[in-house]
Amino acid sequence: MKAKRRVVTSATGERPGLAKRRPTVRRIKPAIAPVVRRAPDIRGAVSSNSAASATSTRISAAPQKPVATAPDVDVDLSVDLGRGLVLANPILVASGTFGYGTEYADVVEVQRLGAICCKGTTLRPRIGNPTPRVTETPGGMLNSIGLQNPGVDAVIAKYAETWAGWQVPVIVNVAGESVADYVEVVRRLEGVPGIAGIELNISCPNVGKGGLQFAIDADAAAGVTAAVRRATDLPLLVKLSPNVADVRPIARAIADAGADALTAINTLSGIAVSPSRLRPLLGNTYGGLSGPAIKPVALRIVYEVSQVVDIPVVAIGGVTELADVLDYLAVGAAAVQVGTAIFADPTLPVRLVDELAAECRRRGLTSFAPLIGTALPKRAAAPSSKGVEYRP
Ligand SMILES: Cc1cc2nc3c(=O)[nH]c(=O)nc-3n(C[C@H](O)[C@H](O)[C@H](O)COP(=O)(O)O)c2cc1C
């Protein structure tokens with residue numbers, strides 16, 4: 001369904017003392033009836049593909065039982081990410097792993113996705129980083145694409161009309177090297193039919209602050225969020241970086257600056273060494289680690305962030321099967337993005353929509369909302385909201 005603008009007023013919270021806004025869940029019948037099928041062995045599918053066999057190292061994958069369903073139970077998977085961005089279901093595709101959606105339209109039922117986050121978009125075209133740009137790692141991959149993209153004007157010219165005809169909302173991932181960059185890109189996207197929302201990729205060097213990433217500094221993160229908020233009425237998601245000692249003050253600052261939702265996480269900074277051991281492997285030396293290897297880190301961040309903000313948190317990191325989706329919902333995510341696993345199996349995200357519906361039916365649920373936050377501390381101001389749990 002197309003995103004509709006409306007004011008969100010719902011505020012419910014199970015945990016005493018914390019007015020946490022839950023995503024509004026509404027009863028809608030899915031346009032396409034979910035197909036009930038047995039949970040596939042994604043590990044097998046992944047390991048047979050070279051590009052993302054990186055995702056094949058799983059430690060936690062327990063064999064899935066066949067799902068016993070009650071087909072007569074109609075399951076509501078819709079989720080409200082704020083400012084009227086209401087998704088038909090909570091399964092999104094992550095920026096940089098699904099192109100502009102059009103590339104997959106022949107092989108994937110893209111209209112059945114919750115939303116598409118397109119490749120990072122900058123003011124001017126970028127040719128990206130020197131090659132090699134990608135390498136596999138145990139349980140993941142490192143990439144240093146360097147935000148290769150044709151620039152915002154070309155993105156609008158080439159894709160917006162197609163997106164406007166789609167029912168799946170397209171969220172444009174925006175990157176820049178200064179506040180002015182971000183604001184200008186967003187201004188150009190404002191009011192363009194087919195653009196349902198903005199996801200700010202703030203893991204970019206801030207040239208005004210000598211190359212310091214916006215995402216690692218609460219003031220810089222809040223500054224760019226507030227500036228973009230002033231420039232647009234579009235739903236605004238801001239993407240957190242895991243490359244910080246404590247993400248909570250940054251998440252709070254971004255929420256206070258007017259973000260409608262947070263997405264977490266972007267990739268973890270890493271490097272690889274070439275087989276000759278004479279130099280770093282990636283042309284850019286540094287890359288971003290993604291895939292199942294980062295899931296525990298992403299889970300921890302979603303767990304911490306969802307305790308300190310009252311806007312929806314969309315989880316990203318190493319999702320390869322339904323169990324991962326359920327884990328993220330348990331630690332407070334309102335929705336989930338699938339990234340690296342798409343390289344192995346582009347049909348995975350749509351399958352997860354069906355599997356989530358089937359899981360709700362198996363549990364006798366008419367909506368997935370009760371699955372959210374079950375693993376969060378029951379009392380407010382738990383140690384995890386103060387960051388004192390991990391003592392190596
Ligand atoms: C090849 C590649 C390109 C990416 N490009 C972007 C990007 O342009 N903007 C962005 O915010 N995140 C980008 N990401 C990060 C992903 O959106 C996601 O946050 C990260 O990969 C973690 O999720 P995953 O483990 O499911 O892949 C990229 C990731 C990969 C693997």
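Just so it is clear, none of the values below were taken in a lab; they were calculated from the coordinates. Just so you know, these numbers come straight off a predicted model, no measurement behind them. FYI the Cβ positions are ideal-geometry reconstructions off the backbone, even for glycines, and counts take in every protein chain you see.
Annotations
- Classification of the range 70-203 by its C-alpha gyration tensor yields an oblate form. The axis ratio a/c (a ≥ b ≥ c) is 1.5 or more, and b/c is at least a/b.
- Förster radius 30 Å - calculated FRET efficiency between residue 207 and residue 310, Cβ distance, rounded to 0.05: 0.35
- Rounded to whole Hz, the Karplus (6.51, -1.76, 1.60) HN-Hα couplings of the range 358-372, x for glycine and proline: 5, 5, 5, 4, 4, 8, x, 9, 9, 8, 8, 3, x, 7, 7
- Prolate/oblate/rounded label for the range 42-385 (Cα gyration tensor, a/c 1.5): rounded
- Per-residue Cβ neighbour rank within 10 angstrom, fewest leading, 365, 142: 365, 142
- Debye, to nearest 20: dipole size of the range 72-172, +1 on Lys, Arg Cβ, -1 on Asp, Glu Cβ: 680
- Counting other Cβ atoms within 10 Å as a rough exposure proxy, the listed residues 366, 320, 102 run 366, 102, 320 from fewest neighbours to most.
- For the range 149-155, backbone phi angles converted through the Karplus equation (6.51, -1.76, 1.60; θ = phi - 60°) give residue-by-residue couplings of 6, x, x, 4, 5, 5, 4 Hz, Gly and Pro being listed as x.
- Amide H to amide H, with H built 1.01 Å from N, residue 199 comes under 5 Å of 172, 173, 174, 237, counting only residues 5 or more places away or on other chains.
- Cross-link pairs beyond the 31 Å C-alpha cut-off, checked among 209/378; 239/378; 119/209: 209/378
- The distance between label points at residue 103 and residue 187 comes to 3.1 nm (points 7 Å beyond Cα on the Cα→Cβ vector).
- Least to most buried among 278, 352, 189, 212 (fewest other Cβ within 10 Å first): 278, 212, 189, 352
- Gyration tensor verdict on the range 170-213 (Cα atoms; rounded if a/c is under 1.5, prolate if a/b is larger than b/c, oblate otherwise): oblate
- For residue 338, the residues 5 or more places off, or on other chains, whose built amide H falls under 5 Å of its own are 92, 93, 94.
- Neighbours of residue 151 by Cβ distance under 12 Å: Lys/Arg scored +1, Asp/Glu scored -1, total +2.
- Residue-by-residue Karplus 3J(HN,Hα) for the range 301-306, coefficients 6.51, -1.76, 1.60, Hz, glycine and proline x: 5, 5, 4, 6, 5, 5
- In this structure, the amide hydrogen of residue 269, modeled 1.01 Å from its nitrogen in the peptide plane, lies closer than 5 angstrom to those of 289, counting only residues at least 5 positions away or on a different chain.
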